[in-house]
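J.: For reference, the structure I am asking about is given below.
FYI, it's all coordinate maths here, none of it is from the lab. All figures in this text were calculated on a predicted structure; none of them were measured in a lab. Cβ placement follows ideal geometry from the backbone for every residue including glycine, while neighbour counts extend to all protein chains displayed.
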2 protein chains.
Amino acid sequence: MGKLLIVGTVAFDEIETPFGKTDKILGGAATFIGLAASQFHVDSAIVSVVGEDLPQEYLQVLTRRNIDISGIEIVKGGKTFFWKGKYHNDLNSRDTLVTELNTLADFNPIVPKAYKNADVIMLGNLHPSIQMSVIDQMETKPKLIVLDTMNFWMDNALPELLEVIQHIDVITINDEEARQLTGEYSLVKAAQKIHTMGPEYVVIKKGEHGALLFHNGNIFFAPALPLEEVFDPTGAGDTFAGGFSGFLAASENITFENMKNAVIHGSNLASFCVERFGTERMESLEKEEVDERLHQFKQLTQFDIQLA
Amino acid sequence: MGKLLIVGTVAFDEIETPFGKTDKILGGAATFIGLAASQFHVDSAIVSVVGEDLPQEYLQVLTRRNIDISGIEIVKGGKTFFWKGKYHNDLNSRDTLVTELNTLADFNPIVPKAYKNADVIMLGNLHPSIQMSVIDQMETKPKLIVLDTMNFWMDNALPELLEVIQHIDVITINDEEARQLTGEYSLVKAAQKIHTMGPEYVVIKKGEHGALLFHNGNIFFAPALPLEEVFDPTGAGDTFAGGFSGFLAASENITFENMKNAVIHGSNLASFCVERFGTERMESLEKEEVDERLHQFKQLTQFDIQLA
């Protein structure tokens with residue numbers, strides 16, 4: 001059982017999709033990452049910051065899944081990061097209606113002593129300087145550092161992003177962001193360019209169209225499971241990252257072959273996340289359901305062409 | 001070696017992509033289908049219509065690949081169907097600049113006697129009444145009838161399209177067309193509805209995002225091979241259909257398991273088609289290249305998760 005250190009937001013989300021809307025509910029990258037990683041035998045901790053307005057029950061959602069929350073700073077009188085968004089009819093695009101950074105504006109992450117020797121670090125989408133600060137606090141070199149980011153940081157903190165990217169092993173990024181970061185339309189060429197920026201492994205997420213893993217000239221593709229209904233895509237990318245990093249931390253096997261499995265596990269868990277609003281589906285997810293759906297993934301992509 | 005009957009256009013295409021433009025070159029659904037199918041041990045024939053303006057060399061492109069062209073009517077003084085289009089920068093969308101039906105306007109397909117007992121019929125994108133006429137001319141019931149169509153016929157000949165769809169086994173259709181035909185956004189639900197219209201097998205093509213095969217509650221997914229460069233997408237869908245139907249005709253094995261292989265073969269061949277303008281790449285394609293790339297397809301999707 002490896003140690004997984006997760007850095008990212010724990011937040012309030014307010015979501016509207018064609019199927020309904022929510023009040024303020026539990027969200028945030030670290031939340032989704034942590035819940036997904038908790039499907040594996042992993043000793044994980046979240047480093048984050050919240051305000052006093054975050055209900056105690058929300059933190060219990062995490063502790064109930066054996067996630068260490070000693071690294072979640074609770075700012076007295078502070079307010080928790082809040083995001084409000086509305087998805088378009090096709091669920092592939094959304095408008096951000098409100099972003100209130102609140103306590104996140106002055107977030108100074110403190111890695112708990114017990115996790116300064118984590119095997120795997122999963123850096124959720126955050127300002128790249130915060131991501132870098134976490135790497136700097138480690139006492140032993142992690143076996144693997146995974147970083148997720150988004151176009152906002154390319155627009156607003158590109159030098160810091162390029163700096164932290166030099167220190168990581170895996171970047172997870174969506175297709176449009178990969179194109180923006182590299183100026184290459186072809187995802188194959190985009191991945192090649194990103195390799196030269198630092199990461200030995202590049203994961204390009206294509207939402208409902210699956211995910212690509214690039215390493216040393218090799219490519220692996222994991223489809224998204226075709227679903228009858230996608231209810232709320234919020235957190236799908238973070239759930240993917242949590243499944244990916246959680247599986248690798250638990251298996252303690254950092255090879256391209258095993259990373260393929262990690263991509264499948266991540267895709268598999270993401271397929272559950274989108275079935276309900278927010279974290280609802282992930283909070284109650286059982287191992288049996290997860291394994292059953294892994295079978296579907298095998299059936300979905302396995303074929304029998306005999307090659308010489 | 002099975003008999004494959006191909007119905008579709010043999011045409012002039014004039015193409016502009018971000019990488020360049022062509023004069024009038026050989027195109028048409030039946031052309032791409034035939035070239036792709038010729039990669040397999042299959043006795044295939046094309047039923048089509050052209051004008052006297054089609055250069056003899058263009059027909060020789062087909063006969064050189066052992067495709068029977070006795071069913072291609074050459075109309076005296078007639079002009080060949082002409083399509084001119086321009087692709088947008090992302091190559092995922094295009095504007096049709098010119099469509100001249102010419103001899104296609106009065107096309108009355110005549111199935112050659114020797115192919116009225118074909119094992120497989122591949123009905124390329126054409127007016128659904130023409131597709132139906134071909135089915136009606138068969139003397140023995142084909143083992144498999146595959147139909148490709150597009151949104152234009154949903155807009156302009158829906159009753160005829162719904163009629164022919166009742167008589168086929170496999171429909172190949174792109175994602176947006178599947179949504180238009182059924183009113184369902186979810187491709188899983190769309191496929192379920194299409195099953196009730198007739199076809200036991202539904203193939204939904206997603207372009208660079210691969211293709212899905214639906215049958216009896218089962219789903220199989222074939223990715224498109226991630227390419228460094230897509231040069232010209234023209235004919236990719238038809239090449240897919242040609243590889244799919246050609247492989248099934250050659251193997252004479254119509255099962256869901258073998259249809260998975262057919263989808264992979266179709267995707268594999270389509271990945272070559274887009275590397276050059278028009279038919280250029282497909283005309284010179286060698287078996288060794290095809291097999292080599294099939295290996296890449298296996299590597300792209302194979303993973304090792306052990307399941308109970």
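J.: Could you give the radius of gyration (one decimal) and Dmax (whole number) of the Cα atoms in segment B:3-300, in Å?
T.: In Å, with Rg to one decimal and Dmax whole: 17.5, 52.
J.: A follow-up question, please. Taking +1 at the Cβ of each Lys and Arg and -1 at the Cβ of each Asp and Glu, which of A:THR22, A:GLY78, B:LEU300 sits farthest along the dipole of the protein assembly as shown towards its positive end, judged by Cα position relative to the Cα centre?
T.: Checked the options; the winner is B:LEU300.
J.: Expressed as a whole number of Å, what is the distance separating the alpha-carbon centroids of segment B:172-217 and segment A:1-64?
T.: Cα centroid to Cα centroid, the span is 36 Å.
J.: Within 10 Å of each Cβ in B:87-94, how many Cβ atoms from other chains are there, averaged over the peptide?
T.: Neighbouring Cβ atoms belonging to other protein chains average 1 per residue here.
J.: Determine the sum of side-chain charges near A:GLU139: Lys and Arg each +1, Asp and Glu each -1, restricted to other residues whose C-beta is under 11 angstrom from that of A:GLU139.
T.: +2
J.: Would you kindly work out, in nm and rounded to one decimal, the distances from the label point of B:GLN166 to those of the same position in each other copy, ordered shortest first, with label points 7 Å along Cα-to-Cβ?
T.: The projected label point of B:GLN166 is separated from its counterparts by 7.0 nm.
J.: Roughly how crowded by other chains is peptide A:221-231, in terms of the mean Cβ count from those chains within 10 Å of each of its Cβ atoms?
T.: Whole-number average of other-chain Cβ neighbours for A:221-231 is 5.
J.: Of all alpha-carbon pairs in the protein assembly as shown, indicate the percentage at a distance above 32 angstrom.
T.: For the protein assembly as shown, the share of Cα pairs beyond 32 Å comes to 50 percent.
J.: On to the next question. Please give the peptides A:164-172, A:116-124 ranked by average Cβ packing (other Cβ atoms within 10 Å per residue), highest first, as a rough proxy for protection.
T.: Ranked from most to least packed, the peptides come out as A:116-124, A:164-172.
J.: Might you report the magnitude of the Cβ-based charge dipole of the protein assembly as shown about its Cα centre, with Lys and Arg at +1 and Asp and Glu at -1, to the nearest 20 debye?
T.: It comes to approximately 440 debye.
J.: Further question: Which FRET efficiency value, to the nearest 0.05, is calculated for A:LEU97 and B:HIS295 with the Förster distance at 30 angstrom and r the Cβ-Cβ distance?
T.: On the way: r = 48 Å, r/R0 = 1.61.
Efficiency at R0 = 30 Å is approximately 0.05.
J.: Order A:233-239, A:134-140, B:248-254 from most to least packed using the mean count of other Cβ atoms within 10 Å.
T.: Details: A:233-239: 25.6, A:134-140: 14.4, B:248-254: 21.1.
So the peptides A:233-239, A:134-140, B:248-254, ranked by packing, come out A:233-239, B:248-254, A:134-140.
J.: What residues qualify as long-range amide H neighbours of A:ASN174, i.e. H under 5 Å apart, gap of 5 or more or another chain, H built at 1.01 Å from N?
T.: Sorted by chain and number, the residues that satisfy this are A:LYS205.
J.: Taking the Cα-to-Cβ direction at B:THR140 and at A:HIS88 and moving 7 Å from each Cα, how far apart do the two end points lie in nm?
T.: 5.2
J.: May I ask you to list the lysines whose Cα is less than 19 Å away from that of A:LYS79, ignoring any residue fewer than eight positions away on the same chain?
T.: A:LYS79 reaches A:LYS24.
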